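Since every read-out is calculated from the coordinates, none of them should be taken as a lab result. Just so it is clear, the model here is predicted, and its values are computed rather than measured. Cβ atoms come from the backbone with ideal geometry, glycine included; neighbour counts cover every protein chain shown.
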Amino acid sequence: MKRLTTGGRINRDTPVTMCFDGRDLPGFEGDTLASALLAAGHKTVGRSFKYHRRRGVYSAGVEEPNAMVTLHEGAFREPNTRATCVEAQDGLVAASQNAWPNIHLDIGAVNNLLSPFFSAGFYYKTFIGPFSGTGFWMWCERFIRRASGMGRAVHLPDPDTYEKVTTTCDVLVIGGGAAGLSAALAAGRKGARVILAEQDTVLGGAILSDPVGGESDFWLKQIELELHTLPNIRILTRASVFGAYDSDTYGMVEHLSGCEGQPRQRYWQIHAPRAVMATGAIERPMVFGNNDLPGVMLAGAVRSYLNRFAVLAGQTALVATNNDSAYATAIDLASAGAGVTVVDTRTEVPQALREQAETAGIRVLRGHAVIAARGRKCVTSALVAPLDQNGQPLQLACDLIAASAGWSPNVHLWSQLYKTPEYRPESACFIPRALFEAHLQPAGLVTAPMEMAQIITDGFARGSEAAGPDGDAGTVPESFDGGPLWSGNFGPVWCAPGVKGKAFVDLQHDVKLSDIDQAHLEGYVSVEHLKRYTTTGMATDQGKLANVNALARMADLQEREIAEAGTTTFRPPFTPVTIGALVGQDHGAHVRPTRRTPIHDWHVAQGAALAEAGLWKRAWYYPQGDEDVGAAYRREAAHVRAHIGLVDVSTLGKIAVQGPDAATFLNRVYTNGWKSLRPGRIRYGVMLREDGIVLDDGATARLGEHEYFMTTTTANAAKILADFERRLQSDWRDLKVHVTSLTDQFAAMALAGPKSRALLQTLCPDVDLSPEALPNNSFVEATIAEHPVRLHRMSFSGELAYEIYTPSGHGQPVWQAIMTAGAPHRIIAYGTESMGTLRIEKGHVAGPELDGRTTMEDLGLAGLASSKKPFVGSVLRHRPLLQSEDRAQLVGLLVEGDEGARGGSLIFAKGAAPEGHGEGWVTSATYSPALGKYIAMAFVKNGQARLGEEVQIVNLLENQTSSARLISHHFFDPEGERQNG
Amino acid sequence: MIRIHCPICGQRSETEFSYYGDATVKRPDEHETDPALWVDYVFTRDNPRGWHREYWHHVQGCRQWLVLERNTLTHEVSACHLASEASS
Ligand SMILES: [Zn+2]
């Protein structure tokens, strides 16, 4: 193999130097890594997956099974890229894979000798028989994992950036070959907004493999010129459409690497009501002994390397074929000075082709097939036998076998939408079925046309139809001579009888003809089973190279037609997609939004430790010195009960409920009655789900005749708003009520502690805050430092307390004003951890108790269920199972020892063996500074009747057991004297 | 990727919506006390292969509740109405 001094579509004025396996690799702009490797004489470029056999460049496109390389170094490393799709760039670093210490001396190659142990299903077989459940399997597993696999993934964070684009167009044309260009031209002329997506770096498709300066080149230049004059056509190269999805949506990845300051890849979601699939076809391998030896290549690829990259892949070439298309390769090789023999399985070859070949000095052996390639490191000769087995095999010296067993149309995208393609026996390939209503229509080689002109006329027609009836598409571009196609005069032989040695059906996965035979003998009938058992066509191949040959072998063995055997399912992606491209910017902190309260900056400035609560960042505790959370919450909780504290509760869900039927609405969603609540007053309420389980709790204030202000728990805010909207827009359309979220519009803070009234009075001297004027569960409007506030007198901590609501923009100044004025009262800010301690001491339920399994009875809240009116869940809460006597009920635990309890620990009766699910579980636990003891809330079977009993708390995760006594969960100030005072 | 034609916002991607469930079931009257009817409403669902009426919420759009006619086999959406205007 060598680089020719002239010709090709490479830019000889711009040489590049790359690095392959540590050595300099020269090339030119316009090369791929694969063409540069071939030009530099690299015959072996990798080792195979299972047997570590030497492998060379096999194809010139996305179907490449052998030349898998790792690109770049360090965090930029990217394994398993196909060298045939990597653009040559100055400074590019690439390395071969799957070999140690290197591809030329690979220890793993011993697998080749052990191959009988690695036949079809070998991996699954290690699970069963005498080996199942033994150390032998474990040993195999380790060995298999190490011996197989491809490149190694990098464990460092990806330093590249990616972006996502969502766009629409009228017509998406997939593929920039002759058919796609014709389609884009027709649709573009009609004025449709067109996106033309081509996975290669330039437009042209198969034309790029034709000799430079020919008829097809002229055609391409004409069309490109016109396309560039149409502003409604957007041409994207390096852009692979990998998936076709519901509602006319297509997934595409655009490669941008190498372009300074740009993201590495861009993921496109394209909404196109009509699309033309001009995705072409991929050539199929001939199957013969050692058909994986470096020097065996696809015939079309050999022609690509010659005409596009000016690389002559061999000096003495043998072109093995069963169809007309490979003659173009043979003739071009001969014109480039190679000695060429065509080995054609057919006895009848069109006379014109034969004469053309013979004029070019090519020897044509008809009715013959290659049965084996020979050579140690690469092809040095081939064994060729007559198919009628009349005569001895010939050994022909050669350094290149260019093979073609026909072509497989790239039906993948079509098949993702419309399932099974149809088999066309005369061209031995699957093509899209005719579906006139389909929004994705095939054109060009993907339909296996019989002549070149059809590619252009069909492409043009599909593009014109896709653009709709308006506009004028003009005349169809004239056709050109594109060389012979495979689809007519097809000879069915793809594997000669009597092949010698290992004959591969799937090169990437080392699946041999004999593996298919073995699967058949073992009773595999379905093609889907065959695929998985033998791994044929899996991974990046996705049925590109291996599919049809494997199906053909299977059909032969079953004495069926391929059409009857069917094909496997095509699924996205057509070509591998980097996860990074799908993720785009949505990683780390950007996976979801971050919500911050209006007072967030103050917490951060004070050095608060933050905790995540759903999307919210909340102040968890405010450490003094080197306090940890344990020390901080004890200090904060004790301080609030002794003096005064302020906590940010802006995350509470807040909903405005407005309208003449607002009270009726509240009566339906809450279990208790709301008609009697007067303006200026606040009421606590519980909501159930339709099935009678407790959903949420919170307080609602009546602001006016037709206006209420509801609070929900932080966690359920969005869910409850959506649920209200649904009811009001469907089942309860009769209610004149509107609900609006105010969660982000209002800051909220709770001022708690014995000094809270005194402090507030200094801030709001004109408002009467006396217990008579503002008793518990009432509110008053006021101003603090000239900011409007609403003071809700209510308590979650059990202390004398006020919740202060103010529009978000006023949150921070109000907070600051309270902290400043509170200094003489020794005010502190306290966080969610100590807030939790205070509510546990008080016995209030929260998220851990409202876990979607508990009833009002379980929670000791049954007194809040009205019997005078229906409400959501009012019937189903009486289901027998929910009323059963041995349900777990909420109780308090006084925990012994100095460790406390952990949420989720199980509760067992004293002396009982800790087995099974126990008699209950711990929900919330804390150290209680007010009691000087560890306490917890728990659900215990029939717990309220067992107060005083001693139980065990078993933490199975940490293997700890402690004892505790069941007491009332209203641990502190059960009469509520402090909060009501 | 299902695309839904919201009567308020126009053609939007599935990711803006949340699915709720069967829109063919009807909530019993407020004052209904027969638990069997409520059990049926809350727990009993058909699982059709083909056309189905469903509630979807345009939660990241206009926040309207929608009733879709959707084919569970092909993901085709043939109609989309505001729940507040749908015939019950
Ligand atoms: Zn909408």
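Assorted remarks:
- Summary value for the stretch A:288-404: 33 percent relative contact order, contacts being C-alpha pairs under 8 angstrom separated by 6+ residues.
- Whole-Hz couplings from phi, Karplus 6.51/-1.76/1.60, listed for the stretch B:47-63; x for Gly and Pro: 10, x, 9, x, 6, 8, 9, 9, 8, 10, 10, 7, 6, 10, x, 7, 6
- When the charge dipole of chain A is built from unit charges on Cβ atoms (+1 for Lys and Arg, -1 for Asp and Glu) and taken about the Cα centre, the candidate among A:Ala60, A:Tyr633, A:Val657 whose Cα reaches farthest toward its positive end is A:Tyr633.
- Straight-distance crosslink candidates among aspartates and glutamates, where the alpha carbon sits under 13 Å from A:Lys2 and sequence neighbours closer than 8 are dropped: A:Asp399
- The stretch A:210-263 versus the stretch B:1-38: alpha-carbon centroid distance in Å: 42
- Note: relative contact order over chain A, using C-alpha pairs below 8 Å and six or more positions apart, is 9 percent.
- For A:Asp696, the residues whose amide H sits under 5 Å from its own are A:Met687, ignoring neighbours fewer than 5 places away on the same chain, with H placed 1.01 Å from N.
- Rounded if a/c under 1.5, otherwise prolate or oblate - the stretch A:843-981, Cα gyration tensor axes: oblate
- Overall, the protein assembly as shown carries a charge dipole of about 1300 debye about its Cα centre when +1 sits on the Cβ of Lys and Arg and -1 on the Cβ of Asp and Glu, all other atoms neutral.
- Annotation: amide H-H contacts under 5 Å for A:Thr420 (H modelled 1.01 Å from N, sequence separation of 5 or more, or interchain): none.
- Local net charge near B:Gly61, Cβ-Cβ under 10 Å (Lys/Arg +1, Asp/Glu -1): +1
- Between A:Thr837, A:Cys764, A:Phe796, the Cα set farthest toward the positive side of the dipole of the stretch A:747-863 (charges on each charged residue's Cβ, about the Cα centre) is that of A:Cys764.
- Per residue of peptide A:720-730, the mean number of Cβ atoms on other chains within 10 Å of the residue Cβ is 5.
- Within the shell of other residues whose beta carbon sits under 13 angstrom from the beta carbon of A:Gly900, the net charge comes to -1, with Lys and Arg scored +1 and Asp and Glu -1.
- A simple packing score, the average count of other Cβ atoms within 10 Å per residue, orders the peptides A:745-756, A:631-642 as A:745-756, A:631-642, with the highest score first.
- Take A:955-968, A:184-197, A:434-447 and order them by the average number of nearby Cβ atoms within 10 Å per residue, most first; the result is A:184-197, A:434-447, A:955-968.
- By the Cβ rule of 4.7 Å, chain B holds the following cysteines without a possible disulfide partner: B:Cys62, B:Cys80.
- Amide H contacts of A:Ala613: A:Arg618, each under 5 Å away and 5 or more positions distant or on a separate chain (H built 1.01 Å from N in the peptide plane; Pro and chain starts excluded).
- For A:Trp602, B:Trp38, A:Trp414, order by how many other beta-carbon atoms lie within 10 Å, fewest first: A:Trp602, B:Trp38, A:Trp414
- What the phi angles of the stretch A:286-294 give under the Karplus curve with 6.51, -1.76 and 1.60, with θ = phi - 60°, is a coupling list of 7, 9, 8, x, 6, 6, 9, 5, x Hz, glycine and proline written as x.
- For the stretch A:229-298: relative contact order, % (alpha-carbon pairs under 8 angstrom, 6 or more apart): 20
- Column: log10 I(q)/I(0), Debye, Cα scatterers of the stretch A:653-741, q = 0.22, 0.24, 0.25 Å⁻¹: -1.13, -1.37, -1.50
- 11 Å beta-carbon shell around A:Val940, net charge (K/R +1, D/E -1): -1
- Placing unit charges on the Cβ atoms of the charged side chains and taking the dipole of the stretch B:3-82 about its Cα centre, the candidate lying farthest along the positive direction among B:Leu66, B:Thr24, B:Cys9 is B:Cys9.
- Take each residue in B:54-66, count the other chain C-beta atoms within 10 Å of its C-beta, and the mean is 2.
- Averaged over peptide A:871-880, the number of partner chain Cβ atoms lying within 10 Å of each residue's Cβ comes to 3.
- In the protein assembly as shown, the DSSP-assigned H stretches of four residues or longer account for a calculated mean residue ellipticity at 222 nm of -6000 deg cm²/dmol, using -39500 (n - 2.57) per stretch and the full residue count as denominator.
- Filter on A:Lys736/B:Lys26; A:Lys617/A:Lys736; A:Lys43/A:Lys531; A:Lys419/A:Lys502 - keep pairs with C-alpha separation over 27 Å: A:Lys617/A:Lys736; A:Lys43/A:Lys531; A:Lys419/A:Lys502
- Part-to-part distance (alpha-carbon centres) for the stretch A:913-979 and the stretch A:350-423, which is given in Å: 80
- For the listed peptides A:382-391, A:12-21, A:311-320, A:909-918, a ranking on the average number of other beta carbons within 10 Å per residue, highest first, reads A:311-320, A:382-391, A:12-21, A:909-918.
- By the equivalent-ellipsoid construction on the alpha carbon gyration tensor, the protein assembly as shown comes out with semi-axes of 71, 33, 29 Å, ordered largest to smallest.
- For the stretch A:288-404, size of Cβ-based charge dipole, Lys and Arg +1, Asp and Glu -1, in debye: 320
- Charge dipole (Cα centre; +1 on Lys/Arg Cβ, -1 on Asp/Glu Cβ; no other charges) of the stretch A:503-560 amounts to roughly 140 debye.
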